[in-house]
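These notes concern the structure reproduced below.
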Amino acid sequence: MTLLKSDEIKDAALKYFTIHGYEGASLSLIAEEVGMKKQSIYSHFKGKDDLFLQVLRDAKETELSSKLQYFSKVDKKNPEKVLYGFLELIIDLFQKNEQLKFWLRMSFFPPAHLEKVIEQEVIDIEGKVQTILERNFQDWINDKLIVGEAAVTPTYAFLGVVDSMLLELVYGNDEKRLNDKLEASWTVFWRGISHR
């Protein structure tokens, strides 16, 4: 029952933090959403910061597990399909999943007093994703599926394309521009690492 209520509180908090940001989301409204008094939230969370960070870490785990699941299911012998599919996955996740919209927004615009904590969460997930990508790039280089000597160069270049897509998702509302940017970035990136 307590775990279920905590999840209900986090779901409501996600909604309010996403819509109103940290400052605009009140514990009173979150409590009201789940049918409890504000004071009752403190039996589940230490306070607003604790609730916010738990919602943020849940979102981070959703992103990481989505990416790990993607890499566990793809045909690793087709780097072009794997990498382009990964870019499509990112766009899809951050456009459709409320947790990830929140995570993306907060990673770019964290509450000032939680900036360092959130920065560490972002660095943590980026490091894990970079490790996965680097391992795949090295396998593709070793198998002569792409050109290159060290996996770090294509990994950083690809992460640059990913960052470009994320920036467009945060600041842009133009689907055509997002798709045009994806196609242009992808074309140049793939030309640089493929044998063609």
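The values are calculated or read from the model by the stated rules, or taken from the named source; none is laboratory data. Computed from a prediction, not measured in an experiment: that's the story for all the values here. For neighbour counting, all protein chains shown are included, and Cβ atoms are generated from backbone atoms with ideal geometry for every residue, glycine included. SASA here: full protein model, heavy atoms, side chains in, ligands and nucleic acids out. Shrake-Rupley method; radii C 1.70, N 1.55, O 1.52, S 1.80 Å.
Quick look at the values:
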item	result
Candidates Phe17, Phe45, filtered to the one that is outside any helix (DSSP H, G or I) and closer than 15 Å to Asp58 by Cβ	Phe45
Selection from the stretch 135-182 of residues that are over 23 Å from Asp92 (Cβ atoms), aliphatic (A, V, I, L, M) and touching a residue at least 60 places away in the same chain (Cβ under 8 Å)	Leu145, Ile146
Some residue of the stretch 153-169 being farther than 18 Å from Gly85 by Cα, more than 13 Å from the chain's Cα centre (by Cα), surrounded by 13 or more Cβ atoms within 10 Å (Cβ to Cβ) and not basic (Lys, Arg)	yes
Test set (1) within 18 Å of Asp163 (Cα to Cα); (2) open to solvent by 10 Å² or more (accessible area, probe 1.4 Å); (3) part of a helix (DSSP H, G or I) - Ser40 fails condition number	(1)
Any hit, the stretch 116-125, residues being within 26 Å of Glu183 (Cα to Cα), open to solvent by 50 Å² or more (accessible area, probe 1.4 Å) and not small (Gly, Ala, Ser)	no
Unique match (being modelled with pLDDT under 95 and either assigned to a helix (DSSP H, G or I) or more than 18 Å from the chain's Cα centre (by Cα) (or both)) among Leu104, Leu83	Leu104
Residue in the stretch 46-63 that is under 21 Å from Leu100 (Cβ atoms), out of contact with any strand residue (DSSP E or B) (no Cβ under 9 Å at 6 or more places or on another chain), open to solvent by 50 Å² or more (accessible area, probe 1.4 Å) and free of Cβ contacts under 8 Å to residues at least 12 places away in the same chain present	yes
When residues of the stretch 64-83 are limited to those that are open to solvent by less than 50 Å² (accessible area, probe 1.4 Å) and not polar (S, T, N, Q), the one farthest from Lys144 (Cα to Cα)	Leu64
Selected residue (criterion: surrounded by the most Cβ atoms within 10 Å (Cβ to Cβ)) from residues of the stretch 86-101 that are among the polar types (S, T, N, Q) and part of a helix (DSSP H, G or I)	Gln99
Total residues in the stretch 95-106, condition farther than 14 Å from Glu61 by Cα and of a type outside the set (A, V, I, L, M)	3
